[in-house]
Amino acid sequence: MEAMRLNAGLPLYEAGHATHMYGPLLTVFLAGIFRLSGLNLLAGRVVFSSFSFVLAAVLTLIFCRGQSRKYWLFAFLLFFGVNLRTNLIFFSAQPDCAAALFGVAALTIWILRRESWLGAAFSIILFLCATLLKQTSAAFALIPAVYALIWKRTFLDAATSLIPATSVLAAGFFWNGGCSGFN
């Protein structure tokens, strides 16, 4: 509904509107899809389903690295098989797989950044995109900090690994209007 309101130029939320677990980027994504295809939720499902296929492929690439090719199809089907246990969430117009894909991409780039500020900045942007698609995906930004605290245990590694989580927290703080969002 918010995507339709955005395309019509109407205000998105009423004064007493409660937030939901999906972020504002879902509205923008769906508004763009509706602008191209008309009011067609099936087109939204197709676009968001493509994120699920890419997510399963990326997870297969990450976990089957160094394995023979015969395991790749099995792993892809295994990752995609999660869909059967989640009421076909991969084929819905919800941003769960898109947020997870952005979170996994952000983690991968954060790991591979090799002291590059450009890689770190791009990773933080992807963490923010994941969070703005689905708020619960902010947990991806905590993974570098938990890893550094458990295995690295140096002050510099722990401080550096807090950058993604701090960025997501700061974006949420400013998105909610500063301190008024916490009242």
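We did not get these values from a lab; they are worked out from the coordinates using the rules stated. Keep in mind that what you see is a predicted model, and the values were worked out from it rather than measured. Here Cβ is always computed from backbone atoms with ideal geometry, including for glycine, and neighbour counts include all displayed protein chains.
Miscellaneous remarks
- Shape index of the range 95-183: Rg/Rh, with Rg the Cα radius of gyration and Rh the Kirkwood radius from the inverse mean 1/r over Cα pairs, equals 0.99.
- Close amide H partners of Lys134, meaning residues 5 or more places away or on another chain with modelled amide H under 5 Å apart, are Gly23.
- Förster radius 22 Å - calculated FRET efficiency between Leu149 and Ile62, Cβ distance, rounded to 0.05: 0.45
- Rounded to the nearest 20 debye, the dipole size of the chain about its Cα centre is 580 debye, using +1 on the Cβ of Lys and Arg and -1 on the Cβ of Asp and Glu.
- Full extension of the chain between Glu115 and Leu77 yields a length gain of 10.2 nm, computed as 0.36 nm times the residue separation minus the alpha carbon distance.
- Loop sites by DSSP among the trypsin sites (Lys or Arg not before Pro) of the chain, restricted to those with at most 10 other Cβ atoms within 10 angstrom, leave 1-64 as the longest stretch without any of them.
- Of the complete DSSP H runs in the chain, those spanning 27 angstrom or more by Cα along the long axis with a mean Kyte-Doolittle score not below 1.6 are 41-63.
- Cβ-based charge dipole, the range 33-128, positive-most Cα from Leu73, Ile33, Ser52: Leu73
- Label selected from (i) 44, 42, 30; (ii) 63, 40, 33; (iii) 49, 47, 29, the criterion being Cα extents along the principal axes in Å as computed here: (iii)
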